[in-house]
Amino acid sequence: MSTSSLNLSLLKQQLESHLQQTAGANHLFTLEFLAHGEANVIFRLNQTDLVRVAVNTPNHRFAGDIRRVTQFEQVVLRYLQGTDIGHQLKESRLESTCEFPYTYLITNYLTGISLNYSRTHLQQCAETLAQLHRLPKVKGYAVESLRSHLPVIEQPLTLFYQEAKHYAQPYFDAPEADPEIVEMLRAVLAKAKARLSAEYLLAEYPHLCLVHSDHTYENWVINDQRAHLIDWEWAELGSPAGDLGHFLSPVTVRRRQGHQLSPADRAFFLQRYYDALEDEDLSMRIERHFAAFGVYPAVRSLCWTAGYWITANHWYADSPDSVERMNRLQQSRQQFPELWQEVMAWLEKDV
C-alpha cells in the first residue's frame, strides 16, 4: 500500500474510533500525530505511549503485505523485552478489520533527542550496540527463537555486494545518468568485489546476533540515561559489524545536517564499543568481522543513494516530513563525490 494517497486526518479519526471501541466508553484518551515514515504513521497516546500504525512496506522482505511490518516488529520487541534497548511492547493488533484496515503496535513513549554525533552520544550509542550484540551470551536471549522470523545473513559480504550492484543498476540504465557518477559507482563496486575473499574471516570467528541495520540519526532516541534504538523493520540475524558499518557509513552520518565524522570520533566510538562488550574473545571476533565486512554497508548505501535518485517513490507527498526528506535527496546529489571518496578510502584499508 502506498502512503502517497493516505489521508492522515482520516487515519487519526479511524484510529480514535477504533481505540475508543476497544477500550470502552469509560476510558478517555488523547491521540496526537507525531511522525510519518516509510512504513509507519506514529501517534502519541495519552502522553505516555505510542501507536505505530503500519501503512506501507518499502521493505521487499514483506512482499507488499503491510501487516507483516507489525508482526515483524512485534517479534523483535518481544525478544528485546527487559533490555531497555528499544521500546517496551504493551499491546499489538496483528489483523486488520473493515472498521480499521491497518495493524499497529502500542509501546511506551521514549523521551530524548535524536543522535547528534557528540562524544556523549557516540559513547551512549556504542554502549547500546555492545549490549545488543552480546545478548546471545545472556541467558534467555538465544537467537534460535528468532531464526524462523528474521532473515539470517550468513554470507554478508557477498549479499551486500550483490545488493549494491542491484541498487546501482537503475542509475546505470538511466538516460540522464552523469558519466562521472557512473564511473564512481563502477570503481567502488570493483573495489568491493576485490575484497570478497575476506568473507572467510566471519566463518573462522563466528558470532551471530540480532542487528538493527538502519542507523540513521532519527532511529536513535537519546536521553541522560541511555541511547535507545527504534524502528526495527530492517532487523536481521547477522554479523554485528553490519551495525557498526552502517552507523559509521558516511552516507548515514551525512543525513544529520551534512555531518562528517572525524577519524578521531570514529576511533572513539569503536573503542568505547569494544570496551563496553566486556569480553575479550567477543571483542576480538567482532574486530575481525569489522575489518572484513564493516565497509560493505557503506558501499551498499552509496549505490542505493544513486539508484534512489531514479527510482524514488514519493511516499511523503502528503506528509509533513516531505519537504525535509526531499531536501535530503537533493543534498545527496551534491555530496555524492565526497561520499564516494570516503567510501573508496575505507575500501583501501587492509583487512
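At pLDDT below 95 and either acidic (Asp, Glu) or crowded, with 22+ Cβ neighbours inside 10 Å (or both): is that true of Glu233 in this structure? So Glu233 fits the description; yes. Restricting Arg256, Arg266 to those that are surrounded by fewer than 22 Cβ atoms within 10 Å (Cβ to Cβ), within 21 Å of the chain's Cα centre (by Cα), of a type in the set (Lys, Arg) and in a helix (DSSP H, G or I) reduces the list to Arg266.
Taken together, the residues in region 180-196 that are over 20 Å from Ala292 (Cα atoms), buried (at least 16 other Cβ atoms within 10 Å of the Cβ) and among the β-branched types (Val, Ile, Thr) amount to 1. Check Leu115, Leu105 and return the single one that is touching a residue at least 24 places away in the same chain (Cβ under 8 Å) and part of a strand (DSSP E or B). Just a single option satisfies the conditions, and that option is Leu105. Does Ala235 meet the test of being of a type in the set (Gly, Ala, Ser) and more than 26 Å from Glu154 (Cβ to Cβ)? Taking the combined requirement at face value, the residue does not satisfy it.
The values are calculated or read from the model by the stated rules, or taken from the named source; none is laboratory data. Worth saying up front: this structure is predicted, and the values here are computed from it rather than measured. Cβ atoms come from the backbone with ideal geometry, glycine included; neighbour counts cover every protein chain shown.
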